[in-house]
Amino acid sequence: MAIGYLMIQTRIADGAVPLENVQVTVLDDQGNRVYGLTTDESGETPRVSLETKEAGLSFDPNYAGDPYVSYGVLAQAAGFQTLYVEKVPVYEGETAVLPMTLLPDRERTPGGETQSITLEGPAVAGKEVRGQEGLDVEPYVLRQVVIPTAVTVHLGSPAAYAANVRVPFTDYVKNAASSEIYPTWPEAALRANIYAIVTFALNRIFTEWYRSQGYDFDITSSTAYDQAYVYGGPVYESVSVIVDEIFDEYVTRPGLYAPYFTSFCNGTTVTCAGLSQWGTVTLAQRGLTPLQILRAYYPIDVVIAEAQAVTSALSSYPGTPLKRGSAGLDVQNVQNDLNRIRRNYPAIPAITDTSGVFGDSTEAAVKAFQRVFGLTADGIVGKSTWYKISQVYTAVARLAELDSEGARLGIGTVPPDTVLRLGSGGNDVLTLQYLLSVIAQFYPTVPGVRQDGVFGSSTRQAVTAFQNMRGLSADGIVGRATWQALYDVYLAIRGSLPGISDAGYFEYTVRSGDTLWRLAQQFHTTVDAIRRLNGLSGDTLYIGQVLKIPTPENYGYFEYTVRSGDTLWQLAQRFGTTVDAIRRLNGLTSDILRIGQVLLIPND
């Protein structure tokens, strides 16, 4: 038989946290064990070979069977729910990369609750009628075409009750292409289809097709209305390489900047006015280029344009690749980001070159990063590497910021006893929003929220999504049961993950206008403490510099703002200290507390 390949990745929190020592079992379609694997420090298993069918079968639209062999994958780790993904397609000559997002489990025992995902075959083999509707003429809603940080996908038809997931844009495109067509097709056919998929998604976002109708998502996973997206599905190497190259390019008309409405269907069991997926194979075999294939189905004058910006980037791509011999602030930014990322991904070596100079160690770090994240390992920071570094750094930095916010809020182990609903405000709402923000990093169906102390519609939406995830009454009201569930999940995250640590400091990226004095005031520390922790000899800071900021734990206490119902006894029980210790630290002569009072809570 023919041979294909499979690799499993166990990374969570938008890729910020790789899970090491996850036990992975690969099973055949009869449930027999084929491989037993273990993830490494980057959250990856070795690539393994598996028997499959010959790739040529995927070129024949009349072939009645599946041109691949399916396998099951089971992932188990202490501190996480077990995950089983069934019917993972493996194609001849292709490497399937299966991302497995494990959910924290407070019981912390492998073999407990199991989450199951059953995959279907690619949409091109289906018979569902495509009812895609959209705008391909003015007016358009947005003023420019940008690549979004992420796309919110509704996992069902528009009006159906289903979860939303927020997915990095490039990950969405890779999944959609891997879920729509066969990765073994000719490269020109793959590129034409990927252009159509990218453009279709950008058209939905650019025209605010669903949001203008009152929906809280950008696109659906239903092929009857949009294009395929399979939550938990694999991505194939041939697709991934192309997406990394052209993810910010799209189809448009001369003189216009708006994404064309690139409708499509398989062209055999389902026909439509747009692109024929099977037809792209025939045209590619005849030697047509991707643009010529697109012009065979869309207006003859369509062109490929490049988006103006990528909103996920901390700074815009400099326009030319960075490589050995490059120098300047852009190189310095890459070095700072990689040195921070390597703390979560130790396979990336430390950079010892002079700051801002792209030398041997910078090249080695870039190559290692590229290998870890499936990019071409050439040591050159081109467009795709630049934005991937930015994406991973943002995720890693966000976890560090959440860690510091938790320390400042004084989150303990006992939930508040208040009831919160739309219109509520105050410190308990801040606690709620903080918990939701942490949980959203690890549970894709829970949206993140702004931490402003106001229980608005976005907070209610996040609460409802959390309640649905936990099987609670989804009323958007935070009562005793919801508080307890929030704390259970939060404590599972704290207990199971290296991404939120107790290192005694958090990391902060210097912004315009920052000074050591302002940072000391903002984070309740001192200028000397920041200098000592970072080995600084002066007060000079530069934008993009990563500083370690001491958390209150470094001083033997943290600050806590008194809420309704708090007593010294309750606080002592919640934070593992004594009433006398709190009294002494705060100079209290009585047990009377007032709402809004700031107490110092000992943590030793």
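General remarks:
- Counting beta carbons within 10 Å around each of Ser512, Ser212, Ser179, Ser361 and listing the fewest first gives the order Ser512, Ser212, Ser361, Ser179.
- Over the chain: helical MRE at 222 nm, DSSP H runs n ≥ 4 each giving -39500 (n - 2.57), nearest 500: -10000 deg cm²/dmol
- Net charge over other residues, Cβ less than 12 angstrom from the Cβ of Ile205 (K, R count +1; D, E count -1): -1
- If R0 is taken as 30 Å, the Cβ-Cβ distance between Ile300 and Ala159 corresponds to a FRET efficiency of 0.25.
- DSSP beta bridges in the chain [antiparallel fraction, %, rounded to 5]: 75 percent
- Aspartates and glutamates whose Cα lies under 18 Å from that of Lys127, excluding same-chain neighbours fewer than 8 positions away: Asp60, Asp66, Glu180, Asp226
- Neighbour-count ranking [beta-carbon atoms within 10 angstrom, fewest first] of Arg518, Arg11, Arg531, Arg594: Arg594, Arg518, Arg531, Arg11
- Calculated from backbone phi, Karplus (6.51, -1.76, 1.60) coupling profile of segment 32-43 in Hz, x at Gly/Pro: 7, 6, 9, 9, x, 10, 9, 6, 8, 5, 9, x
- Summing charges over all other residues whose Cβ lies under 15 Å from the Cβ of Ala192, with Lys and Arg as +1 and Asp and Glu as -1, gives -1.
- 3J(HN,Hα) along segment 472-486, derived from phi through the Karplus expression 6.51 cos²θ - 1.76 cosθ + 1.60 where θ = phi - 60°, amounts to 8, 4, 8, 9, x, 9, 9, x, 4, 5, 5, 4, 5, 5, 4 Hz, with x in place of Gly and Pro.
- Sequence-distant residues sharing a close amide H with Thr352 (under 5 Å, placed H): Ser361, Thr362
- Which listed pairs, of Lys174/Lys367; Lys53/Lys323; Lys87/Lys383; Lys388/Lys548, have C-alpha distances above 32 Å, in listed order: Lys53/Lys323; Lys87/Lys383
- C-alpha long axis of helix 237-246 to longest principal axis of the chain, angle in °: 80 degrees
- Applying the Karplus relation 6.51 cos²θ - 1.76 cosθ + 1.60 with θ = phi - 60° to segment 258-266 yields 3J(HN,Hα) values of 6, x, 5, 7, 8, 5, 7, 7, 6 Hz, where x marks Gly and Pro.
- Charge tally in the Cβ shell below 12 Å around Ile592, where Lys, Arg are +1 and Asp, Glu are -1, Ile592 excluded: 0
- Interchain or long-range residues, amide H under 5 Å from Val34's placed H: Val26, Leu27, Asp28
- FRET efficiency for Glu20 and Thr376, using Cβ-Cβ distance with R0 set to 22 Å, rounded to 0.05: 0.30
- Principal-axis tilt of helix 329-341 within the chain, Cα atoms, nearest 10 degrees: 70 degrees
- Mean-position separation - Cα centroids, segment 59-90 and segment 444-475, in angstrom: 32 Å
- Nearest 10 degrees, 0 to 90: helix 187-206 Cα axis against the chain principal axis: 50 degrees
- Comparing Cα centroids, segment 392-436 and segment 10-51 end up 33 angstrom apart.
- Approximate shape of the chain as ellipsoid semi-axes (Cα gyration tensor, √5λ), whole Å, largest first: 44, 28, 25
- Glu94 long-range amide H proximity, modeled H, under 5 Å: Tyr5
Read-outs throughout are calculated quantities, based only on the coordinates presented, and are distinct from any laboratory measurement. None of these values were measured; they are calculated from a predicted model. Positions of Cβ are generated from backbone atoms using ideal geometry, with glycine treated the same way; all protein chains shown enter the neighbour counts.
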